[in-house]
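The values are calculated or read from the model by the stated rules, or taken from the named source; none is laboratory data. Remember, it's a predicted structure, so these values are computed and weren't measured experimentally. In this analysis, Cβ positions are derived from the backbone assuming ideal geometry, glycine residues included, and neighbour counts consider all displayed protein chains. Protein only, heavy atoms only, side chains kept; ligands, DNA and RNA dropped before computing areas. Shrake-Rupley method; radii C 1.70, N 1.55, O 1.52, S 1.80 Å.
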Amino acid sequence: MKTIVITGATSGIGYAVCRAFAQMRWAVLGVGRSEATCGAAERKLREEFPGADIRFFPCELSKQTEIIRLGETLTKTLRDDFGGRLDALVNNAGCVRNYYTTTEDGYETVFAVNHLAAFLLTEQLLPALVEAGGRVLVTSSQSHLGTKVRWGDVMLTRRYRPLFAYKQSKLCNLLFAQEFNRRFAQSGVRCYGIDPGLVNTGIGEKNTSGVVKLFWRFHKRRGVSADTSAKTYAHVITSDDADSLYYGQRGPQRFSRQVNGENAKRLWALSDRLCGTSF
Amino acid sequence: MFVLITGASGGLGRAFALECARRGCGLYVTDIDAQGLERAAVGIRRQYGVPVETYACDITDDSAVDGLIQNAQDKGIAIGMLFNVAGLDFEGAFQKRSFNDLASILRVNIEATLRITHKALKLRDEKRDFYIVFVSSLASLYPIPLKATYAASKRFLLDFSIALGEELKPQGVHVLALCPGGLSTREDCLQAIAAQGFWGNATTNAIETVVCRTVSKSLRGKTLYIPGLVNNLLRFGARLVPPSIIARMLHKRWLQAQQQWLSIGNQ
């Protein structure tokens, strides 16, 4: 049985990806923020797909100690029940913040959740991915275009702008994918950035207020459904010849020139330092 | 120079720790939450590579604070700046809280803050100027029904800080009182800001800007910092209106905000 781990799986795009793979009879290991949302998503999926192997794991991805604990739990589950093999990891969890906030590790929340969590969880699950020759997907976005990483102040402690924080984190997702492939493509694991398109989800309404919330409430109506977007994920994970870095609904997409080897290496080194790893 | 910060594992304390580390200061940080303190310390070292000494303790306990001071002396940590951030508040009307809760607001916000300040002054390097920051609050500027104890405790800090600053000026000690409005520190603070609606957002200050300016102003010897134009206007307005009328207006506002907040909490 093939296995897939999906973060941010209790709603939006993540939930739609869960549905797509439950339908294909993969074992779906979802990660969500709280016991309550995980329990609800698990029940709903099991009702829709009786007999499918669906499990959820609560984890607050803004906390590195919790990510490490999650990595251990998932590794053990994969080892006990699935021969230690992980066929796909979808780093999808993401957030937006109105204000500059920091995690308990002292990192800016959007950078920590959207990029560092993906970095650290992938590091934790690499052995299982190598075992299966699996694929890593990161939910990036077209909003990464036209922006640069603010190297002098990655945590954005000066003039925090919510949209910039989001865009920078999505650029980091692609830089991560690029450097991951340089390091691990020869061990049979590949990483892709996914552009889900504008999707009608609640991301802009959680923990935001005022203008951001209002903007998102109207803007999201123009978006496609999460199920449409999930097809892109399914295609990239199951296709035999996915050899580009960045995929959207209509196949491979052009990405920013900022996504280059130099920036990718630099971000990787920084992420290693901030996670205390040697990935 | 080392900076001593209380309440450093979360919120404003952690923001001050990050700001001082960014400026290249060594940190001596304390908090009652030992685990949180350690995690923040690890993150700060990884980001800025500055020395971060931690000492978790309950600052309402006199002997624990003696331990904090002794530890610094043993390790040869010379403190040049003190941030009194640790503070406490409970939501709810006077009679809805236990007396113990109310007393602990005074114990942490006032008694413990003065204790640390009194003892930390012994750690100063006499040849250099010493800087103290008290975190008061926008709430200190008015009597606030439903937050009466908290607001009055912050008023104490405001007056105390201005008086102490004058008293210690000849000895090269500079004292600043910070009176921020809402700050985006924790999840529940973000919710509380949202619950207050328009006024919540209008009185909320960008925390990263507040900490940066606080440090700069303190080093320049300023005595009071009220961040934000709206907050300064509110302060000016408060001087023109009698306290009893202000209290009546704020009572209405907090009743609404608390109902709103409770309904968010129950969702």
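Measure nothing fancy, just the Cα-based angle from helix B:229-240's long axis to the longest principal axis of chain B, in degrees from 0 to 90, nearest 10.
60 degrees
Output ³J(HN,Hα) for region B:108-122: one whole-Hz value per residue in order, computed from phi by the Karplus curve 6.51 cos²θ - 1.76 cosθ + 1.60 with θ = phi - 60°, and x for Gly and Pro.
Calculated HN-Hα couplings, in order: 7, 5, 10, 4, 5, 5, 5, 4, 4, 4, 4, 7, 5, 4, 5 Hz.
Past the 22 Å Cα-Cα mark, which pairs from A:Lys206/B:Lys154; A:Lys170/A:Lys265; B:Lys154/B:Lys217? Provide the component values of the computation, followed by the final result.
Details: A:Lys206/B:Lys154 32 Å; A:Lys170/A:Lys265 16 Å; B:Lys154/B:Lys217 20 Å.
The pairs that break the limit, which is 22 Å between Cα atoms, are A:Lys206/B:Lys154.
Quick one: accessible area per residue over region B:2-266, 1.4 Å probe, rounded to a whole number of Å²? Each step should come with its number before you reach the end.
Details: 12030 Å² over 265 residues.
Accessible area per residue: 45 Å².
Shielding by partners for B:199-208, please: the mean number of other protein chain Cβ atoms within 10 Å of each residue's Cβ. Intermediate values should be presented prior to the final figure.
Details: counts 0, 2, 5, 0, 0, 3, 1, 4, 6, 12.
Partner Cβ neighbours, averaged per residue: 3.
Taking only DSSP H segments of four or more residues, each worth -39500 (n - 2.57), what value at 222 nm results for chain A once the sum is divided by all its residues, to the nearest 500 deg cm²/dmol? Please list the in-between numbers first.
Numbers: 8 runs with 122 residues, N = 279.
Calculated from helices alone, the mean residue ellipticity at 222 nm is -14500 deg cm²/dmol.
Would you mind telling me the share, in percent, of accessible area of chain A contributed by carbon and sulfur at probe 1.4 angstrom? Kindly include the intermediate steps, with their values, before the conclusion.
On the way: 5790 of 11510 Å².
Heavy-atom surface of chain A belonging to carbon and sulfur, 1.4 Å probe: 50 percent.
Under a Cβ-Cβ cut-off of 12 Å, what is the net charge of the residues other than A:Gly146 that fall near it, where Lys and Arg count +1 and Asp and Glu count -1?
Once positives and negatives cancel, what remains is +4.
If you count, for every residue in A:173-183, the Cβ atoms of partner chains within 10 Å of its Cβ, what is the mean?
Details: counts 0, 0, 0, 0, 0, 0, 0, 0, 0, 0, 0.
Average neighbour count from other chains, rounded to a whole number: 0.
Could you please put A:Glu42, B:Glu91 in sequence from largest to smallest accessible area, using a 1.4 Å probe? It would help to have the intermediate numbers written out before the result.
Values: A:Glu42 40, B:Glu91 60 Å².
Result of the area sort, largest leading: B:Glu91, A:Glu42.
Under the rule of at least 5 residues apart or a separate chain, name every residue whose amide H is placed under 5 Å from the amide H of A:Leu198.
HN-HN under 5 Å from A:Leu198: A:Val224.
May I ask you to evaluate 6.51 cos²θ - 1.76 cosθ + 1.60, the Karplus curve with θ = phi - 60°, for each residue of region B:135-150 and list the ³J(HN,Hα) values in order in whole Hz, giving x for glycine and proline?
Result, rounded to whole Hz: 8, 8, 6, 4, 5, 6, 7, 9, x, 10, x, 6, 10, 4, 5, 4.
Have a look at region B:46-83 and report residues whose accessible surface goes down by 50 Å² or more when the remaining protein chains are included, against the chain on its own, probe 1.4 Å, ligands and DNA/RNA excluded.
B:Arg46, B:Gln47
At 1.4 Å probe size, put A:Glu35, B:Glu187, A:Glu205 in order of accessible surface, largest to smallest. Spell out each step's value before the answer.
Numbers: A:Glu35 140, B:Glu187 70, A:Glu205 45 Å².
Ranking A:Glu35, B:Glu187, A:Glu205 by accessible area, largest first, yields A:Glu35, B:Glu187, A:Glu205.
Sequence gap at least 6, Cα distance under 8 Å: using those rules, report the relative contact order of chain A to the nearest whole percent.
This gives 19 percent for chain A.
Explain nothing, just the number: dipole magnitude of region A:3-158 about its Cα centre with +1 on each Lys and Arg Cβ and -1 on each Asp and Glu Cβ, in debye rounded to the nearest 20. Provide the component values of the computation, followed by the final result.
Working: 17 positive and 17 negative charges, 74 e Å.
The dipole of region A:3-158 has a size of about 360 debye.
Mind grabbing the interface size between A and B? I mean buried accessible area, both sides, 1.4 Å probe, in Å² to the nearest hundred. Mind dumping the intermediate values first?
Working: alone 12480 and 13340 Å², together 23820 Å².
The buried area between A and B, both sides summed, comes to about 2000 Å².
Once ligands and nucleic acids are excluded and a 1.4 Å probe is used, how much of A:Arg183 is accessible, expressed in Å² to the nearest 10?
90 Å²
Per residue, how much accessible area does region A:131-279 have with a 1.4 Å probe, in Å²? Mind showing how you got there, number by number?
Values: 7020 Å² over 149 residues.
Ligands and nucleic acids excluded, the result is 47 Å² per residue.
For region B:2-266, build the charge dipole from Cβ charges (+1 Lys, Arg; -1 Asp, Glu) around the Cα centre, then report which of B:Leu219, B:Gly76, B:Gly10 sits farthest towards its positive end.
Farthest along the dipole direction, towards plus: B:Leu219.
List the relative contact order of region B:2-266 as a percent without decimals, with contacts defined as Cα pairs under 8 Å and 6+ residues apart. The partial results should precede the final answer.
Values: 459 pairs, mean separation 43.9, N = 265.
The value is 17 percent.
Any idea of B:Trp199's accessible area? Nearest 10 Å², probe 1.4 Å.
For B:Trp199, solvent-accessible area is about 110 Å².
Springs between alpha-carbon pairs under 10 angstrom, Gaussian network model over chain A: which of A:Ser62, A:Ser187, A:Ser143 fluctuates most?
Evaluated over chain A, the most mobile residue of the options is A:Ser187.
Rounded to the nearest 10 degrees, what's the angle between the helix B:62-74 long axis and the longest principal axis of chain B, both from Cα atoms, 0 to 90?
Roughly 40 degrees, rounded to the nearest 10.
Heavy atoms only, probe 1.4 Å: what % of the accessible area of region B:2-266 goes to carbon and sulfur, would you let me know?
On the way: 6700 of 12030 Å².
Carbon with sulfur: 56 percent of the solvent-accessible area.
Who wins for biggest fluctuation among A:Gly51, A:Gly152, A:Gly32 in a Gaussian network model of chain A, springs between alpha carbons below 10 Å?
A:Gly152
If one takes the longest principal axis of the Cα atoms in chain B, at what angle in degrees, from 0 to 90 and to the nearest 10, does the Cα axis of helix B:207-219 lie?
Approximately 50 degrees, to the nearest 10.
Separation between the A:Leu163 and B:Phe236 pseudo-spin-labels, each 7 Å from Cα along Cα→Cβ, expressed in nm?
Taking the two extended label points, one gets 3.2 nm.
When the Karplus curve 6.51 cos²θ - 1.76 cosθ + 1.60 is applied with θ = phi - 60°, which whole-Hz ³J(HN,Hα) does each residue of region A:232-245 get, with x for Gly and Pro?
Rounded to whole hertz, the list is 4, 4, 4, 4, 5, 6, 9, 6, 7, 10, 7, 10, 8, 8.
Treat each spin label as a single point 7 Å out from the Cα along the C-beta direction, and report the B:Ala247 to A:Thr238 distance in nm.
7.0 nm
Specify the inter-centroid distance of region B:92-120 and region B:149-199, based on alpha-carbon positions, in whole Å.
Computed from Cα coordinates, the inter-centre distance equals 14 Å.
For region B:30-45, list whatever residues lose no less than 20 Å² of accessible surface once every protein chain is in place, relative to that chain by itself, with the probe at 1.4 Å.
Output list: B:Arg39, B:Gly43.
Cβ under 15 Å from A:Thr122's Cβ, A:Thr122 left aside: what net charge do those residues give with Lys, Arg +1 and Asp, Glu -1? List each step's numbers first, then the result.
Working: positive: A:Arg135, A:Arg182, A:Arg183, A:Arg190; negative: A:Glu72, A:Asp87, A:Glu123, A:Glu131, A:Glu179, A:Asp272.
Surrounding charge for A:Thr122 is -2.
With a Förster radius of 25 Å, plug the Cβ-Cβ distance of A:Lys44 and A:Arg250 into 1/(1 + (r/R0)^6) and report the FRET value to the nearest 0.05.
On the way: r = 30 Å, r/R0 = 1.20.
Efficiency at R0 = 25 Å is approximately 0.25.
List the residues whose amide H sits under 5 Å from the amide H of A:Cys95, counting only those 5 or more places along or on another chain, with H placed 1.01 Å from N in the peptide plane.
A:Asn114
Leaving ligands, DNA and RNA out of it, work out the accessible area of B:Ile110 with a 1.4 Å probe and give it in Å² to the nearest 10.
Roll a 1.4 Å probe over it and B:Ile110 shows about 30 Å².
For B:Thr204, list long-range residues whose amide hydrogen, built 1.01 Å from N in the peptide plane, is under 5 Å from its own amide hydrogen.
Answer set, sorted by chain and number: B:Gly182.
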